Amino acid sequence: MSTDTPLALAGRTLELVNISSVSRHEQVIMQYVRDAIPVGFDEWYADGEVLVVATPRRPGVPLVVLAGHVDTVPGQDNFPGRIAEGHVIGLGASDMKGGVAVMLEIAHWIAREHPERAVDLALVIFTREELPVAESLLPRAFAACPQLAETALAIVLEPTDNTIQAGCVGNLNATLRFRGKSAHSARPWMGDNAINRAVAGLASLVNVTPRVVEIDRLAFTEVLSVTRISGGIADNVIPDLVECHINFRFAPDRTVDQAREVVRDLVAGVGELEISSVSASGRVAPRTPVLERLIASGGFDVAPKQAWTPVAQFSEIGIDAVNLGPGATAMAHTRHERIAIGELARTYDALQAFVAGERAR
């Protein structure tokens with residue numbers, strides 16, 4: 001790594017942070033990214049929402065994808081960003097503009113130095129990741145890029161504290177409604193209190209024991225939570241409706257249909273269930289020679305991904321994928337979001353060594 005590399009990584013990350021890109025408002029940053037791709041990369045797909053570029057393909061050489069999203073959650077008085085105390089601070093720094101900066105700087109290293117490469121490299125940069133998966137435009141890009149079917153490994157640069165996180169849990173969202181009959185609170189027997197119904201009906205959910213599932217020696221914890229509850233009309237009215245939001249993070253051993261069935265069985269007979277979205281879990285990638293080389297390139301620990309990421313979308317189309325990024329998971333979506341410049345450099349060094357077929361120095 002050049003002594004200038006940490007500075008370049010920090011500068012690139014700050015430039016990305018300082019382009020506002022809250023989900024559905026990513027046009028400017030996607031143009032920035034497209035303009036930042038160096039000469040020598042072939043453009044496979046570009047529609048303003050997803051960009052796919054790659055080094056020229058060579059027969060018999062494995063194809064590796066680096067993937068990352070440019071959108072952020074809404075700001076919390078943390079835009080624009082700044083550099084201070086060895087960190088890039090600001091909205092999206094950890095999740096995941098630091099990862100995108102690493103991707104772009106790896107591309108520039110390849111274009112600038114023309115290193116001997118053990119793999120061909122594709123970059124997949126996209127929008128709308130922070131929204132429900134139904135709004136994702138990745139499937140459209142996958143359909144338009146049959147070349148991606150040759151991918152030996154996709155590396156999603158989500159924040160992982162520089163560990164390789166395999167697989168990912170699925171994500172189900174639903175609303176459970178309890179209906180009653182409104183009445184005056186002085187005469188509650190004339191009504192049917194929906195809050196009382198909710199208190200009784202939620203018992204089957206709030207007492208669900210987390211389920212630990214071990215896959216390839218990685219322990220995923222399956223959890224179901226009630227995350228929001230609303231109801232009531234006035235202080236002197238017996239309410240006739242309570243709505244509860246349910247979030248189910250299911251282990252990679254379950255299909256989408258099985259996840260739906262679990263929730264339906266838990267609430268059977270207690271209320272009206274409406275499942276609004278289900279994102280499939282991501283399978284744990286097998287320990288292929290390419291993945292083993294990635295692990296060795298940075299001496300990375302391997303852990304399960306206890307969240308949903310686009311690894312699931314790659315695995316759905318048959319591509320082995322893992323999460324590996326410089327961001328701190330504890331910083332994602334927080335008011336004080338930041339990323340350590342040293343962690344940016346660590347990811348960059350490891351990916352540089354991996355692409356070149358070496359171990360990180």
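The values are calculated or read from the model by the stated rules, or taken from the named source; none is laboratory data. Please read all numbers here as calculations on a predicted model, not as lab measurements. Because the Cβ atoms are built from the backbone with ideal geometry, glycine has one as well, and the counts that use them run over all protein chains shown.
Kindly indicate whether Ala360 is crowded, with 17+ Cβ neighbours inside 10 Å, modelled with pLDDT under 95 and outside any strand (DSSP E or B).
yes
Is it the case, given these coordinates, that Val278 is under 19 Å from the mean Cα position of the chain (by Cα) and part of a strand (DSSP E or B)?
So Val278 fits the description; yes.
Considering each of Ile275, Ile339 in turn, give the residue that is buried (at least 21 other Cβ atoms within 10 Å of the Cβ) and modelled with pLDDT of 95 or more.
Ile339
For the range 244-258, give me each residue that is over 11 Å from Val169 (Cα atoms) and either of a type in the set (Gly, Ala, Ser) or at pLDDT below 95 (or both).
Within the range 244-258, no residue meets the criteria.
Consider the range 259-287. How many of its residues are farther than 21 Å from Leu218 by Cα and polar (S, T, N, Q)?
Of the residues in the range 259-287, 2 are farther than 21 Å from Leu218 by Cα and polar (S, T, N, Q).
Within the range 234-244, can you find the residues that are loosely packed, with under 13 Cβ neighbours inside 10 Å and either acidic (Asp, Glu) or out of contact with any Ser or Thr (no Cβ under 6 Å at 6 or more places or on another chain) (or both)?
Passing the criteria: Ala234, Asp235.
Any idea which residue in the range 303-320 is modelled with the lowest pLDDT, counting only those that are aliphatic (A, V, I, L, M) and touching a Lys or Arg at 6+ places or on another chain (Cβ under 9 Å)?
Ala307
Any chance the range 316-327 includes a residue that's part of a helix (DSSP H, G or I) and touching a residue at least 40 places away in the same chain (Cβ under 8 Å)?
no
Do the conditions hold for Ala186, that is, is it more than 25 Å from Ile319 (Cα to Cα) and either without any contact (Cβ under 8 Å) to a residue 60 or more places away in the chain or within 20 Å of the chain's Cα centre (by Cα) (or both)?
Yes, satisfied.
Considering only residues that are assigned to a helix (DSSP H, G or I), touching an Asp or Glu at 6+ places or on another chain (Cβ under 8 Å) and crowded, with 21+ Cβ neighbours inside 10 Å, which ones fall in the range 1-28?
Leu9, Arg12 - these are the residues of the range 1-28 that are assigned to a helix (DSSP H, G or I), touching an Asp or Glu at 6+ places or on another chain (Cβ under 8 Å) and crowded, with 21+ Cβ neighbours inside 10 Å.
Just checking, which of Ala303, Ala330 is assigned by TED's automatic domain parsing to the domain that holds Ala144, in a strand (DSSP E or B) and surrounded by fewer than 18 Cβ atoms within 10 Å (Cβ to Cβ)?
Exactly one residue qualifies, and that residue is Ala303.
Out of the residues in the range 203-231 that are touching a strand residue (DSSP E or B) at 6+ places or on another chain (Cβ under 7 Å) and touching a residue at least 60 places away in the same chain (Cβ under 8 Å), state the one that is surrounded by the most Cβ atoms within 10 Å (Cβ to Cβ).
Among those that are touching a strand residue (DSSP E or B) at 6+ places or on another chain (Cβ under 7 Å) and touching a residue at least 60 places away in the same chain (Cβ under 8 Å), it is Phe220.
Do we find that Glu130 is of a type in the set (D, E, K, R), within 19 Å of Glu337 (Cβ to Cβ) and not in a helix (DSSP H, G or I) in this structure?
When the stated conditions are applied, Glu130 passes them.
How about the range 74-113: which of its residues are crowded, with 16+ Cβ neighbours inside 10 Å and not in a helix (DSSP H, G or I)?
If the condition is that a residue be crowded, with 16+ Cβ neighbours inside 10 Å and not in a helix (DSSP H, G or I), then Asn78, Phe79, Gly81, Ile83, His87, Val88, Ile89, Gly90, Leu91, Gly92 are the ones that fit.
Residue check: is Ala166 buried (at least 23 other Cβ atoms within 10 Å of the Cβ), small (Gly, Ala, Ser) and in contact with a Pro (Cβ under 7 Å, 6 or more places away or on another chain)?
The answer is yes for Ala166.
From the list Asp77, Asp42, Asp47, exactly one residue is in the same structural domain as Glu343 (by TED's automatic domain parsing) and at positive phi. Which is it?
Asp77
In this structure, does Leu153 turn out to be surrounded by 15 or more Cβ atoms within 10 Å (Cβ to Cβ), closer than 30 Å to Thr288 by Cα and either in contact with a Ser or Thr (Cβ under 8 Å, 6 or more places away or on another chain) or of a type in the set (Val, Ile, Thr) (or both)?
Yes; evaluated as a whole, the condition is true for this residue.
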